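The values are calculated or read from the model by the stated rules, or taken from the named source; none is laboratory data. Because the structure is a prediction, the values reported are computed rather than measured. When we count neighbours, we look across all protein chains shown, and the Cβ atoms used for this are built from the backbone with ideal geometry, even at glycine.
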Number of protein chains: 2
Amino acid sequence: MGRALPQNSCMGRITIRDVAKAAGVSTSAVSRVFTDGASASAATRARVNAAAKALGYRPNALARALVGERTNLVALVIGQARNVFDSLFLEALADALAKHGQNLLISLVHGESAVDEGMMSALDYQADAVVVAAGTVPLATSERCLRLGVPIILCGRVLEREGVDCILGDNRDGARQAAELLVRGGCRRIAYLGRGPTAYSDSEREDGLREALAHLGLAPVATATVDPDNDHGFAAATTLLSAPQRPDAIFCGTDLIALGVLETARALGLRVPEDVAVVGFDNVPMSAWPSFRLTTVDFPIATTAETVVERIQARLAEPNLPAIVRRIPTRLVARATTRRIP
Amino acid sequence: MGRALPQNSCMGRITIRDVAKAAGVSTSAVSRVFTDGASASAATRARVNAAAKALGYRPNALARALVGERTNLVALVIGQARNVFDSLFLEALADALAKHGQNLLISLVHGESAVDEGMMSALDYQADAVVVAAGTVPLATSERCLRLGVPIILCGRVLEREGVDCILGDNRDGARQAAELLVRGGCRRIAYLGRGPTAYSDSEREDGLREALAHLGLAPVATATVDPDNDHGFAAATTLLSAPQRPDAIFCGTDLIALGVLETARALGLRVPEDVAVVGFDNVPMSAWPSFRLTTVDFPIATTAETVVERIQARLAEPNLPAIVRRIPTRLVARATTRRIP
DNA sequence: CGACGTTTTGAAAACGATTGCAAAGCTACC
DNA sequence: GGTAGCTTTGCAATCGTTTTCAAAACGTCG
């Protein structure tokens, strides 16, 4: 029972009972002083606070969660945190949650199949909500969440399913902006380079490019994929840029890939944007560095995280809301890797 | 009570009692089937498992934690996750913890003063251990942890205090390796550029450089600091590299800063390493990129995280271990920003 | 068949809080 | 002073588990 320490010698864990005894009131009184909105006279409030302070009492969040209906724990199921983008999102989410007094429980999962496991673990800890930013959500798991009244927020992917809110960037529109900039800058042979079809956002970005170009009477001259883990596009970019009919622009699914393309172009002695223009997606901090000055589509990570948190609160207040798909607007940031538009 | 759903209609939350009833056994029996090392006959085990599966039962981790002596929750108090280094550590830690069935609770704190708050929140949730990777640990808080039997692991900083284990890279030795490489490469006018004195590791690295140079009869020709948040060394590097008596090498407290120096050198038309050699610290993935090929001191993040987790297990098994300071060895990785040694 | 050690079992007491309910206190008004 | 109405209070039930303890079941052996 309890920790290894003898519980009377050093007062290992101070409980509500200790405070009650010290203040000469019942445990209910102490509880009421610590839960706001509960009634307690000024006198007892003062005595309880004094006793609690003297003893160093803090309510046990676990016990509180067991009986109450909130744990103030929100789980984030995420594929990797090493990725700049993901870690920025993690940070933004933690910040936004903190404003509501909620804490972040991390489930780092490797591979799509593990999403399920991560979500289950979140449910074991009675998380108030589950944010999934890796792969998709298995049907059985989302149904379990629904039954348990635990909101699911899926980020970066659309899944039309009861109880699953989807929040993601407006990838198609971002790609459209990029395409129009490139075409207006004189590019006609535009290629796409992204992660494979496993990356939902990337495929939307590719579709967006295709649609926008079609609107202008064009089509991508090439499409290539990059191993999402191992490289950031060196190999694929080399192939693309060494082809006999070299593209005059490459639109990339991700800034990291675009930076790889920049490096490859540099290595091949090609000038950017004169020989080949490059556009990325996400606007990670590195893209702005003087060495790169990458034109890219800004993905507002902070707004996304705040929207996620707002949606969580809304659903906790009103559990039966219909599922939504919310698109966060994206905005082109023109820097030095595309030609200047007059 | 419970979630918003009527608890009989859809069986919102399946408890141990439901399983017991379905299997025709007591709750104790169910509990024993789900805790390993407990005795249950093959027959009941089978019936309980069948019932649990049919009902979709999973034990409530919170209730379990309330009575048991482990929560399997480990808290990480961290300053920022946007930093590549920190996010790599976060990921490595989550992975290492997962191997022991432990989950990661994140407290993202802004500023040193908030470390206390983050740790307190961790204690509220009865975390089994607290890993601090931001600033230092207030005395009162470490004493509270000690009293509660919660191990503290402090990363990246030394704090000689009862119950606080410190795990950090061998910054001095890394700096020594860098200094020797530079000097053997012919550099004599070596400058240091790092974050201010608030960054403990950086100051150790600076000291290490100073000591190693002193050993060789040299001293740093300049020392400058960089705003740890806003830039990665452009301004400071520009000053340093435009000085009348330009240094022939810059040793940086961080890879990010070193990359900033590389960019600055490039912008000023200086050749690296011929005009100025550059060495970083940490060996973040970006340093290996073809555009940079930064010589740097490798900080083994995965090893650090594993050591942290090992130490947590050791302390949980044997709470009264004396505090340790463990140095993780660092290793120089020579790439293209220093002169080749014959 | 009875005695005896060894599992296996269930009842009940924790764990540390919250909260419904009814009693108690208080204020104010007639 | 009595009573209505409101606030404050404490008792006890509850949340979903684990675990102690003693009883029951079981197998073995004399």
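Scanning the stretch A:220-239 for residues that are assigned to a strand (DSSP E or B) and among the β-branched types (V, I, T) yields A:T223, A:T225, A:V226.
Apart from one condition, B:E160 fits all of (1) within 24 Å of B:F89 (Cβ to Cβ); (2) modelled with pLDDT of 95 or more; the exception is (2).
Among the residues of the stretch A:87-95, is any part of a loop (DSSP other than H, G, I, E, B), farther than 20 Å from B:N72 by Cβ and in contact (Cβ under 8 Å) with a residue 60 or more places away in the chain? There is no residue in the stretch A:87-95 that is part of a loop (DSSP other than H, G, I, E, B), farther than 20 Å from B:N72 by Cβ and in contact (Cβ under 8 Å) with a residue 60 or more places away in the chain.
Filtered by the rule that a residue be within 14 Å of chain A (Cβ to nearest Cβ) and either surrounded by fewer than 20 Cβ atoms within 10 Å (Cβ to Cβ) or within 12 Å of B:D95 (Cα to Cα) (or both), the stretch B:302-315 gives B:A302, B:A305, B:V309, B:A314. Restricted to the stretch A:165-219, and to residues there that are assigned to a strand (DSSP E or B) and out of contact with any Cys (no Cβ under 7 Å at 6 or more places or on another chain), the residue that is farthest from A:L146 (Cα to Cα) is A:I190. If you go through the stretch B:31-50 and keep only what is closer than 26 Å to A:G149 by Cβ and within 8 Å of DNA strand C (Cβ to nearest atom), you end up with just B:S31. Flag: A:C155 matches the condition of being more than 13 Å from chain B (Cβ to nearest Cβ), farther than 30 Å from A:D248 by Cα and in contact (Cβ under 8 Å) with a residue 60 or more places away in the chain. Scanning the stretch B:186-224 for residues that are at positive phi and in contact (Cβ under 8 Å) with a residue 40 or more places away in the chain yields one hit, B:G186. Scanning the stretch A:272-324 for residues that are outside any loop (DSSP other than H, G, I, E, B), touching a Leu at 6+ places or on another chain (Cβ under 9 Å), under 20 Å from B:M286 (Cα atoms) and not aliphatic (A, V, I, L, M) yields A:G280, A:D282, A:P285, A:S287, A:T295, A:T296. Residue count for the stretch B:49-65 satisfying the condition of being more than 11 Å from DNA strand D (Cβ to nearest atom) and closer than 11 Å to B:A22 by Cβ: 4. For the stretch B:46-74, filtering for residues that are touching a residue at least 24 places away in the same chain (Cβ under 8 Å), within 28 Å of the chain's Cα centre (by Cα) and assigned to a helix (DSSP H, G or I) leaves 1. The residue list B:T337, B:T296 contains one member that is surrounded by 23 or more Cβ atoms within 10 Å (Cβ to Cβ) and in contact with a Pro (Cβ under 9 Å, 6 or more places away or on another chain), which is B:T337. The residues on offer are B:N72, B:N83, and the sole one that is more than 16 Å from DNA strand D (Cβ to nearest atom) and not small (G, A, S) is B:N83.
Looking at A:L154, A:L193, can you tell me which residue is within 26 Å of A:A265 (Cβ to Cβ) and buried (at least 21 other Cβ atoms within 10 Å of the Cβ)? Just one listed residue meets the conditions, A:L193.
Each row is one residue, and each column tells you yes or no for (1) modelled with pLDDT under 95; (2) over 20 Å from B:V137 (Cβ atoms); (3) within 11 Å of chain A (Cβ to nearest Cβ).
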residue: B:S41; (1), (2), (3): yes, yes, no
residue: B:A63; (1), (2), (3): no, yes, yes
residue: B:T71; (1), (2), (3): no, yes, yes
residue: B:A75; (1), (2), (3): no, no, yes
residue: B:A92; (1), (2), (3): no, yes, yes
residue: B:N103; (1), (2), (3): no, yes, yes
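Within the bounds of the stretch A:240-261, is there any residue that is in a helix (DSSP H, G or I), surrounded by fewer than 20 Cβ atoms within 10 Å (Cβ to Cβ) and within 13 Å of chain B (Cβ to nearest Cβ)? Within the stretch A:240-261, none of the residues are in a helix (DSSP H, G or I), surrounded by fewer than 20 Cβ atoms within 10 Å (Cβ to Cβ) and within 13 Å of chain B (Cβ to nearest Cβ). Quick test of your reading of the structure: B:S113 fulfils all but one of (1) touching a residue at least 24 places away in the same chain (Cβ under 8 Å); (2) farther than 17 Å from A:V77 by Cα; (3) among the hydroxyl-bearing types (S, T, Y). Name the failing condition by number. Failing condition for B:S113: (1). Selection of the stretch A:6-39 for residues being among the polar types (S, T, N, Q), at pLDDT below 90 and either in contact with a His (Cβ under 8 Å, 6 or more places away or on another chain) or near DNA strand D (Cβ under 9 Å from one of its atoms) (or both) yields only A:S39.
The set of residues from the stretch A:124-140 being free of Cβ contacts under 8 Å to residues at least 40 places away in the same chain and either in contact with a His (Cβ under 8 Å, 6 or more places away or on another chain) or surrounded by 20 or more Cβ atoms within 10 Å (Cβ to Cβ) (or both) comprises just one member, A:V137. Of B:V67, B:V30, B:V84, B:V77, all but one fail to be surrounded by 19 or more Cβ atoms within 10 Å (Cβ to Cβ), of a type in the set (A, V, I, L, M) and farther than 27 Å from A:L97 by Cβ; the exception is B:V30.
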